[in-house]
């Protein structure tokens with residue numbers, strides 16, 4: 001949908017886009033708070049939040065897919081030291097560190113990149129190679145969303161907080177970010193039904209022909 005909106009030179013509607021990310025955060029919160037049969041938190045980290053793993057169905061539902069490289073805190077088999085998991089344009093800086101230590105806040109970073117790109121209509125860290133892309137993600141200046149396009153300051157603040165390279169400066173949980181987005185929608189009077197989201201997707205896909 002985003003690819004076709006860019007081809008049409010049309011922005012993602014603010015209400016529709018914000019609602020999509022509210023539901024995406026809801027899905028992430030569900031995954032992050034999963035528990036074992038005995039109530040032990042699994043501490044799931046998706047590790048690959050990217051546009052290709054966020055599905056908007058034809059009837060407007062939002063799905064978080066592909067937990068193929070997800071990590072649970074209780075797993076017995078760990079990724080080999082120095083092996084980076086995830087797409088370089090979206091992985092959090094701590095995922096690329098030598099010790100590879102990261103938690104669920106890494107998914108918040110990745111979602112922030114997806115969100116920035118969705119509203120701005122362009123890639124944030126994409127370079128000429130995977131190495132260049134990773135270098136950009138680790139070192140390049142991150143302009144706030146309201147410097148890139150005209151959006152409310154509060155939305156730019158929310159996205160910017162998710163894109164702090166220091167995990168301690170990000171949202172601690174997907175629920176906290178979701179609550180800020182919902183408060184923003186309420187303050188701005190934004191509404192986006194599931195039907196409208198499906199219509200936006202349909203119009204974008206029909207435009208291919």
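The values are calculated or read from the model by the stated rules, or taken from the named source; none is laboratory data. The structure presented is a predicted model; accordingly, all values stated were derived computationally and were not measured. Cβ placement follows ideal geometry from the backbone for every residue including glycine, while neighbour counts extend to all protein chains displayed.
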Return the pair list, or none, for Cβ contacts closer than 7 Å from residues in the range 27-49 that are farther than 22 Å from residue 94 by Cβ to residues that are assigned to a loop (DSSP other than H, G, I, E, B), at least 6 apart or on different chains. 35/42; 36/42; 36/74; 40/74
Taking residue 2 as meeting all but one of (1) closer than 22 Å to residue 178 by Cα; (2) modelled with pLDDT of 90 or more, write down the number of the exception. (2)
Only one of 190, 181, 163 is surrounded by 16 or more Cβ atoms within 10 Å (Cβ to Cβ), more than 20 Å from residue 144 (Cα to Cα) and touching a residue at least 40 places away in the same chain (Cβ under 8 Å); which? 190
Working only within the range 12-54, note down all residues that are farther than 15 Å from residue 175 by Cα, in contact with a strand residue (DSSP E or B) (Cβ under 9 Å, 6 or more places away or on another chain) and not in a helix (DSSP H, G or I). 35, 41, 42, 46, 47, 49, 54
Give me the residue from the range 93-106 that is crowded, with 17+ Cβ neighbours inside 10 Å and within 19 Å of residue 33 (Cβ to Cβ) and, out of that set, farthest from the chain's Cα centre (by Cα). 102
